[in-house]
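Undergrad: The structure is given below, and queries will be raised subsequently.
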Amino acid sequence: MTMAMAEAQKGFIDVRNMGVTFGANDNKVVAVESVSLNVQPGEFVSLIGPSGCGKSTLLSIVAGFVKPTSGEAKLDGKAITRPGSDRGVVFQQYSLFPWLSVRKNVEFGLKMAGVDQSKRNTTARALLDLAGLLSFENHYPDQLSGGMKQRIGIVRALATSPQVLLMDEPFGALDTQTRVVMQEILTNIWQQFKISVLFITHDIEESIFLSDRIYVMTARPGRIKAEIKVPLPRPRKAEMTDTPEFMNLVQELKGLIREESLAAMAPEIKDRGLSGFGMKVGPKGVGEIF
Amino acid sequence: MGSMASAKVVILPMIDKQTDREPAAVKPSATQGVAAVPSANTPAPAAAEIPMPEPEQIPTVSLTKLLRRLLAQITRERIITAGLACVSLGALFLFWYLGTKYRLEFYIRFKNVPTPYEVFQQLTQVGLSNKYLVNIAISVRRILTGFFIAIAIGVPLGLAIGKYQRVRDLFMPVVEVLRPIPAIAWVPMSIMLWPNNEASIVFITFIGAFFPILLNTIHGVHSLDGVLIRAARCLGASEFRLFLNVILPGSLPHIFTGLAVGMGVAWVSLIAAEMISGQFGVGYFTWEAYSLVDYPAIVLGMITIGFLGLACSGIIRMVGNLLMPWLAFAPGGKR
């Protein structure tokens with residue numbers, strides 16, 4: 001436990017005045033504009049916004065794949081310049097190595113770090129047990145379902161004991177039922193590891209259920225539109241999604257995002273409103289689009 | 001074949017795969033066939049035969065169980081497949097037999113074509129002679145030398161070209177200029193270039209195998225999912241580790257496609273080179289037979305070449321399956 005608490009002191013993500021521009025001159029696209037955000041050690045923070053708002057770009061910067069045009073991203077006070085095992089990343093696409101068994105996949109980061117075989121084995125097996133997939137340790141990824149692959153993706157990212165976990169719509173490709181189960185599994189894992197999480201999603205309920213704090217982004221160019229605290233108690237249970245507190249947060253976020261998703265779509269839709277197309281906008285509204 | 005293999009693999013991956021492949025590989029089937037018999041009573045030597053360690057090998061296999069497993073493999077589907085294979089090969093043989101028996105002449109002329117019996121006689125006379133076996137051994141040596149040099153250069157170069165834009169810019173123009181020249185067209189130049197006949201023939205074999213291996217390796221790197229490279233980087237992989245642990249295994253299916261194609265082209269090139277400039281070798285044997293009006297020997301040479309080519313591609317496929325067990329589960333089946 002002491003180790004977990006020591007870890008909890010680390011993992012402070014600090015993004016200041018971040019701007020990202022792709023292309024040059026005529027083809028210039030401003031993806032992200034003067035974004036500042038932070039993730040406190042041990043905190044679960046979500047980043048939500050309409051598609052194309054640059055939220056994945058932001059995550060890529062923190063992961064070290066993309067260099068910002070302006071501003072900077074820091075982890076525990078150190079500027080982020082390249083990918084590293086101090087930041088675990090879980091991708092939207094399944095990113096397990098198909099040629100490695102499930103256990104070897106989880107061991108991969110440790111192998112790169114030069115950890116010896118027996119220790120790797122022990123760690124990987126413990127993590128697979130945590131993910132409920134120990135009995136599949138000798139299977140190949142192609143033998144598993146999408147939810148299983150993504151659980152392995154999560155524990156693989158945790159194997160090197162990173163300070164932060166960066167998740168880019170990790171459950172986006174899963175069906176709704178699997179998704180809900182995965183969210184519960186993730187909160188459990190997160191509570192055990194007490195590490196900082198930056199979680200990208202376009203699913204409002206998902207972001208509320210998982211997070212301590214939510215950043216809402218605007219349509220391109222992406223800026224931070226709002227920062228919302230989620231005061232729901234932990235541990236979170238699936239039944240919580242029916243409580244009035246939860247519903248209120250959903251409504252609040254839907255209102256914020258609705259404007260942005262409209263802005264992200266063709267301008268004429270924004271001008272005329274959806275009624276101009278003879279569409280009926282229900283209480284859930286266009287928020288359902290993303 | 002894919003569905004049958006995957007169904008069985010669940011129970012006993014390695015053993016089943018071996019038995020499954022026996023007919024495909026001509027050469028190793030002899031040794032495996034021998035090994036399979038004692039394996040009924042003592043499974044240990046059969047396990048030792050398998051190059052890849054398989055810790056979860058079941059310790060004892062009873063005779064009845066083994067028999068039942070073998071019997072379970074004789075399905076209706078397989079009987080039909082085997083039957084059609086016999087029809088296909090039988091028809092070819094029958095065409096040859098009847099053509100030579102009645103000396104058919106209808107634009108193509110069977111007048112001088114040796115009968116199957118004459119070829120069989122030739123095999124019994126020549127087949128065990130030193131001359132014939134030495135010719136085979138020399139051809140195989142040339143193929144292996146040229147082929148392995150092609151792998152040693154083609155695979156690393158292909159990985160580098162596939163990965164680095166600058167390496168690509170540097171090498172691809174040369175590759176694109178040289179690639180359309182068939183290996184056979186290199187024969188005169190090769191004789192001039194290399195100090196002896198042997199080296200020039202190996203060089204032509206190398207040329208034949210090199211380009212398919214190189215291009216498929218490049219293609220393998222390009223078709224690798226970028227997210228895997230990013231994932232590896234996040235997990236702390238250095239550039240060298242990335243090559244060794246991600247790019248190489250990820251490209252392996254395409255590399256093996258390149259090896260299979262390369263082996264085929266290498267044989268074509270080798271035989272042509274041996275016919276033109278050779279001393280010794282199966283190609284030389286065949287061409288010499290023609291010059292000496294020894295017609296049965298021509299056919300014997302052709303059949304020998306066919307068998308050698310079949311054996312080589314069978315071995316490549318077998319090694320590929322052993323190195324890439326995960327492909328049995330790959331969606332769409334790359335096999």
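Undergrad: Only residues that are among the β-branched types (Val, Ile, Thr) and not in a loop (DSSP other than H, G, I, E, B): list them for segment A:120-174, please.
TA: Across segment A:120-174, the qualifying residues are A:THR122, A:THR123, A:ILE152, A:ILE154, A:VAL155, A:VAL164.
Undergrad: Here are B:THR304, B:THR217, B:THR205, B:THR286: which of them is polar (S, T, N, Q) and closer than 22 Å to B:PRO325 by Cα?
TA: B:THR217
Undergrad: Could you list, in sequence order, the residues of segment A:102-119 that are touching a helix residue (DSSP H, G or I) at 6+ places or on another chain (Cβ under 8 Å) and not in a helix (DSSP H, G or I)?
TA: A:VAL115 - this is the single residue of segment A:102-119 that is touching a helix residue (DSSP H, G or I) at 6+ places or on another chain (Cβ under 8 Å) and not in a helix (DSSP H, G or I).
Undergrad: Give the residues of segment A:58-85 that are open to solvent by 10 Å² or more (accessible area, probe 1.4 Å), touching a residue at least 60 places away in the same chain (Cβ under 8 Å) and more than 14 Å from every other protein chain (Cβ to nearest Cβ), sorted by residue number.
TA: A:LYS74, A:ASP76, A:GLY77
Here's the yes/no breakdown for (1) in a loop (DSSP other than H, G, I, E, B); (2) open to solvent by 20 Å² or more (accessible area, probe 1.4 Å):
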residue	(1), (2)
A:PHE199	no, no
A:SER207	no, no
A:ILE214	no, no
A:ALA219	yes, no
A:GLU227	no, yes
A:ARG234	yes, yes
A:GLU239	no, yes
A:PHE246	no, no
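Undergrad: Let me ask something additional. Just for segment B:292-303: of the residues that are of a type in the set (Val, Ile, Thr) and out of contact with any Ser or Thr (no Cβ under 8 Å at 6 or more places or on another chain), which one is surrounded by the most Cβ atoms within 10 Å (Cβ to Cβ)?
TA: Within segment B:292-303, the match that is surrounded by the most Cβ atoms within 10 Å (Cβ to Cβ) is B:VAL299.
Undergrad: Let me ask something else. Residues to consider are A:LYS10, A:LYS111; find the one that is open to solvent by 40 Å² or more (accessible area, probe 1.4 Å), free of Cβ contacts under 8 Å to residues at least 60 places away in the same chain and over 24 Å from A:ILE257 (Cβ atoms).
TA: None of the others qualify; the one that does is A:LYS111.
Undergrad: Can you spot a residue in segment B:166-177 that is without any contact (Cβ under 8 Å) to a residue 24 or more places away in the chain, open to solvent by 70 Å² or more (accessible area, probe 1.4 Å), part of a helix (DSSP H, G or I) and touching a Leu at 6+ places or on another chain (Cβ under 8 Å)?
TA: Yes - at least one qualifying residue is present in segment B:166-177.
Undergrad: Residues that are under 16 Å from B:CYS234 (Cα atoms) and more than 12 Å from chain B (Cβ to nearest Cβ): does segment A:88-106 have at least one?
TA: no
Undergrad: Which residue is nearest to B:VAL299 (Cα to Cα), if the candidates are limited to segment B:99-132 and must be loosely packed, with under 12 Cβ neighbours inside 10 Å and over 28 Å from the mean Cα position of the chain (by Cα)?
TA: B:ASN112
Undergrad: Moving on. Answer yes if at least one residue in segment A:154-171 is within 22 Å of the chain's Cα centre (by Cα), within 12 Å of another protein chain (Cβ to nearest Cβ) and among the basic types (Lys, Arg), and no otherwise.
TA: yes
Undergrad: Residue under question is B:ILE50, and the condition is that it be modelled with pLDDT of 85 or more and outside the structural domain of B:ILE303 (by TED's automatic domain parsing); does it hold?
TA: In short, no.
Undergrad: Every residue in segment B:217-269 that is of a type in the set (Ser, Thr, Tyr), more than 9 Å from chain A (Cβ to nearest Cβ) and open to solvent by 20 Å² or more (accessible area, probe 1.4 Å), please.
TA: Scanning segment B:217-269 gives B:SER223, B:THR257.
Undergrad: Could you list all residues from segment A:14-48 that are modelled with pLDDT of 80 or more, over 20 Å from the mean Cα position of the chain (by Cα) and of a type in the set (A, V, I, L, M)?
TA: A:VAL29, A:VAL30
The values are calculated or read from the model by the stated rules, or taken from the named source; none is laboratory data. Predicted model only: the values in this text are computed from it and were never measured. Using ideal geometry, Cβ is built from the backbone for each residue, glycine included, and neighbour counts are taken over all protein chains shown. The accessibility values were calculated without ligands, DNA or RNA, using every heavy atom of the protein model including side chains. Shrake-Rupley method; radii C 1.70, N 1.55, O 1.52, S 1.80 Å.
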